[in-house]
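K.L.:
Before we start, here is the structure in question, set down as structure tokens.
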Amino acid sequence: MRVADFPELAFFKGHTLIHTDGTTLLGADDKAGVAEIMTAAEYLLAHPEVKHGKIRIGFTPDEEVGRGVDFFDVKAFGADFAYTVDGGMEGELEYENFNAASAKIEIQGRNVHPGYAKNKMINAIDVACELQGLLPAAERPQFTEGYEGFYHCVGLNGTVENASISYIIRDHDAEKFEQKKVFMWAAVDLLKKKYGDEVLTLTLKDQYFNMRKMVEPHPQVIDKALKAMEMAGVKPLVRPIRGGTDGARLSFMGLPCPNLFTGGMNFHGKFEYCSLTTMRKAQQVILNLAALWAK
């Protein structure tokens, strides 16, 4: 890795970094969070003199496929507020996330011998590429930042006869999110008019929504997190998640749940790494929160 390609790397100069040999993922998302939570729990068990209120710990599987809290029993969990430990950069505190939807388009082509295909063949691969070309190129992940949403083609498989193309659609703004979904329908409808209704089939599903409106009515959840970071010598970075978290769905299930940093970076790729130095600070933030909520 070079700082020229990954500017955030400069922040970690002098830190102890955990990484792989570059041929596989590290899995810091979210093994880092699990390690920090368990280390904090271990400390509290070993130091009964530390005062704290009732603490509940939960781990959710399958977040990356959008099913992490499908069977999470908020009432049985027994907490009024919670925090996910699933962020990245040191100091991150996030209580805004994308509204998210998935879109899958199945394309039924018409295969004809290429020597006799004129005015007969419908190449499903061509139709898939045409759909990709209809979507705004500037609204792809590699060209967006901050609150900007995107259409992200995550998979394209096909032959002349059949093709399948998958997207994730994201935006922080609810109105713009709805507009993106409408635009996807419009693009598919345009191609249906060109090739026939039976050629394209769109399945579009909402996945999760921006948790801001569920967290903001409870400012103490944010204030205590900011205080816990300051106590640990961490400079807070309050910014939106350019992704999702199970905390978003939990917030809509009645458990307001902002997200805290872990020190893991470059998630989901072979350039993933994690700062052990920052992990220790994340552990301390968790312990500080336990003390602050005891008061």
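K.L.:
Pairs, please: C-beta under 8 Å, at least 6 apart or cross-chain, first residue in contact (Cβ under 8 Å) with a residue 60 or more places away in the chain and surrounded by 15 or more Cβ atoms within 10 Å (Cβ to Cβ) and in the stretch 208-237, second part of a helix (DSSP H, G or I) and of a type in the set (Phe, Trp, Tyr)?
P.N.:
Correct list of pairs: TYR208/PHE252; PHE209/PHE252; MET211/PHE252.
K.L.:
Can you list residue pairs whose Cβ atoms sit under 6 Å apart, with the first residue in the stretch 124-138 being assigned by TED's automatic domain parsing to the domain that holds SER164 and at positive phi and the second being surrounded by 18 or more Cβ atoms within 10 Å (Cβ to Cβ) and not β-branched (Val, Ile, Thr)? Count only pairs 6 or more apart in sequence or on different chains.
P.N.:
none
K.L.:
Out of TYR167, TYR116, I need the residue that is surrounded by fewer than 14 Cβ atoms within 10 Å (Cβ to Cβ) and outside the structural domain of VAL215 (by TED's automatic domain parsing). Which one?
P.N.:
Exactly one residue qualifies, and that residue is TYR116.
K.L.:
Would it be correct to say that LEU204 is touching a Pro at 6+ places or on another chain (Cβ under 6 Å) and either of a type outside the set (Asp, Glu) or at pLDDT 95 or above (or both)?
P.N.:
So LEU204 fails the test.
K.L.:
Considering every residue within the stretch 99-110, establish whether at least one is surrounded by 15 or more Cβ atoms within 10 Å (Cβ to Cβ), part of a loop (DSSP other than H, G, I, E, B) and modelled with pLDDT of 95 or more.
P.N.:
So far as the stretch 99-110 goes, yes, one or more of its residues are surrounded by 15 or more Cβ atoms within 10 Å (Cβ to Cβ), part of a loop (DSSP other than H, G, I, E, B) and modelled with pLDDT of 95 or more.
K.L.:
For the stretch 260-281, enumerate the residues that are in a helix (DSSP H, G or I) and either touching a Lys or Arg at 6+ places or on another chain (Cβ under 8 Å) or within 11 Å of GLY88 (Cβ to Cβ) (or both).
P.N.:
THR278
K.L.:
Test of understanding: among GLU92, GLU106, GLU64, which residue is in the same structural domain as ASP171 (by TED's automatic domain parsing), out of contact with any Gly (no Cβ under 8 Å at 6 or more places or on another chain) and of a type in the set (Asp, Glu)?
P.N.:
GLU106
K.L.:
Considering the stretch 67-98 alone, what residues qualify as being over 26 Å from GLU145 (Cβ atoms) and either in a loop (DSSP other than H, G, I, E, B) or in contact with a Leu (Cβ under 6 Å, 6 or more places away or on another chain) (or both)?
P.N.:
ARG67, VAL69, ASP70, PHE71, PHE72, ASP73, VAL74, GLY78, ALA79, ASP80, PHE81, ALA82 - these are the residues of the stretch 67-98 that are over 26 Å from GLU145 (Cβ atoms) and either in a loop (DSSP other than H, G, I, E, B) or in contact with a Leu (Cβ under 6 Å, 6 or more places away or on another chain) (or both).
K.L.:
How many residues are touching a residue at least 60 places away in the same chain (Cβ under 8 Å) and either part of a helix (DSSP H, G or I) or over 16 Å from ASN97 (Cβ atoms) (or both) when one looks only at the stretch 139-179?
P.N.:
Within the stretch 139-179, residues that are touching a residue at least 60 places away in the same chain (Cβ under 8 Å) and either part of a helix (DSSP H, G or I) or over 16 Å from ASN97 (Cβ atoms) (or both) number 6.
K.L.:
On to the next question. Within the stretch 207-227, is even one residue assigned to a loop (DSSP other than H, G, I, E, B), in contact with a Leu (Cβ under 8 Å, 6 or more places away or on another chain) and aromatic (Phe, Trp, Tyr)?
P.N.:
no
K.L.:
Inside the stretch 190-205, can you point out the residues that are surrounded by fewer than 13 Cβ atoms within 10 Å (Cβ to Cβ) and out of contact with any Ser or Thr (no Cβ under 7 Å at 6 or more places or on another chain)?
P.N.:
Hits for the stretch 190-205 are LYS193, LYS194, GLY196, ASP197, GLU198, THR203.
K.L.:
Another one. Looking at the stretch 132-190, which of the residues that are among the aromatic types (Phe, Trp, Tyr) and over 19 Å from PRO240 (Cα atoms) is nearest to the chain's Cα centre (by Cα)?
P.N.:
The selected residue is TYR167.
K.L.:
Filtering the stretch 24-54 down to residues that are farther than 21 Å from GLY88 by Cα and in a loop (DSSP other than H, G, I, E, B), which residue is modelled with the lowest pLDDT?
P.N.:
Of everything passing the filter in the stretch 24-54, GLY53 is modelled with the lowest pLDDT.
K.L.:
Across the stretch 81-118, what is the number of residues that are over 30 Å from PHE12 (Cβ atoms) and touching a His at 6+ places or on another chain (Cβ under 9 Å)?
P.N.:
Selection size over the stretch 81-118: 2.
The values are calculated or read from the model by the stated rules, or taken from the named source; none is laboratory data. Keep in mind it's a predicted model, so treat the numbers as computed, not measured. No Cβ is skipped: glycine too gets one built from the backbone with ideal geometry, and neighbour counts run over all protein chains shown.
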